[in-house]
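Just below is one structure, and these are the notes that go with it.
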Amino acid sequence: FYQGDGDDVAIDPTSLSPQNQSIRYEASNNLASFGRLTYDIANNLVAFVQPNLTVISGPPISLPSGTITPFKLNSVDPTRLVFGGSNALYESLDQGNTISALTPAFAVNDPLGHSAIAYGGRSGGTNNANVLYAASGSMMFLRTTAPPAALTRLGGYPGTSNVNAIVVDPNDFTSVYAIDASHVFHSGNSGGGWT
């Protein structure tokens, strides 16, 4: 267990469930020592891998100036991750071994520990691993189709300060919440309208 300022963490409890194992992702400052750790049911470390995060599409990832680099595990397909850089949002379809810059390029909110990303969703009993909400400042973006499809800016978002967090309803990704410094906004139609 590494100690320090820390970074985001994520747990994949399903990919290795037949073996009663879980995969845990961790990192220290600015994605240093980014690791994929496999633990057995007795909480014993079975394997430790440091994914390369090799960029296969787009510019090299530029990390935020603060200590936190946000990353999220896909809620539908936990072999997929996204990383928020200060120059773009990057997606990995292979547990962090390779990453691709998404379009349009924008800085993802984070230097203060915000989690302005929601990745993967369900609606009407159907899983959609391509659902991706992210924020840059007070701008919200959404993608619902497979890469290389671009994210689309949600023009009707009423917030005027940085989005600090995005959360989707686990059973309906069209129901999304965005939190800023003083408000909680809700959209019941994928960002088409907000209250």
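Just to be sure I follow the definition: excluding the sites themselves, where is the longest run in the chain that has none of the chymotrypsin sites (Phe, Trp or Tyr not before Pro) in a DSSP loop with at most 10 other Cβ atoms within 10 Å? The longest uninterrupted stretch comes out as 3-195. For the chain, the Cβ-based charge dipole about the Cα centre amounts to some 320 debye (Lys, Arg positive; Asp, Glu negative; other atoms uncharged). Toward the positive end of the charge dipole of the stretch 37-142, with +1 on the Cβ of Lys and Arg and -1 on the Cβ of Asp and Glu, the farthest Cα among Tyr90, Gly121, Pro70 is that of Gly121. Seen from all directions on average, the stretch 53-159 presents a Cα convex hull projection of 6.7 nm². When the chain is treated as a Gaussian network with alpha carbon springs shorter than 10 Å, the biggest mean-square fluctuation among Asn130, Asn74, Asn52 belongs to Asn52. Per residue, the stretch 25-148 exposes 40 Å² of accessible surface when a 1.4 Å probe is rolled over the protein heavy atoms with every protein chain present. In the stretch 104-195, Cα pairs under 8 Å separated by at least six residues give a relative contact order of 24 percent. What percentage of the solvent-accessible surface of the chain, computed with a 1.4 Å probe over protein heavy atoms, is contributed by carbon and sulfur atoms? Heavy-atom surface of the chain belonging to carbon and sulfur, 1.4 Å probe: 53 percent.
Under the criterion of Cα pairs below 8 Å and six or more residues apart, the relative contact order for the chain equals 13 percent. Checking [x] -0.48, -1.02; [y] -0.56, -1.17; [z] -0.58, -1.05 against log10 I(q)/I(0) by the Debye sum over Cα atoms at q = 0.11, 0.16 Å⁻¹ calculated from these atoms, the matching label is [x]. Between the amide H of Val131 and those of Gly120, Gly121, distances stay under 5 Å, these residues lying 5 or more places away or on another chain, with hydrogens modeled in the peptide plane.
The values are calculated or read from the model by the stated rules, or taken from the named source; none is laboratory data. Note that the structure is a prediction, hence the values are computed from the model and not measured. Cβ coordinates were reconstructed from backbone atoms using ideal geometry, including for glycine residues, and neighbour counts include every protein chain displayed. For accessibility, only protein heavy atoms count, side chains too; no ligands or nucleic acids. Shrake-Rupley method; radii C 1.70, N 1.55, O 1.52, S 1.80 Å.
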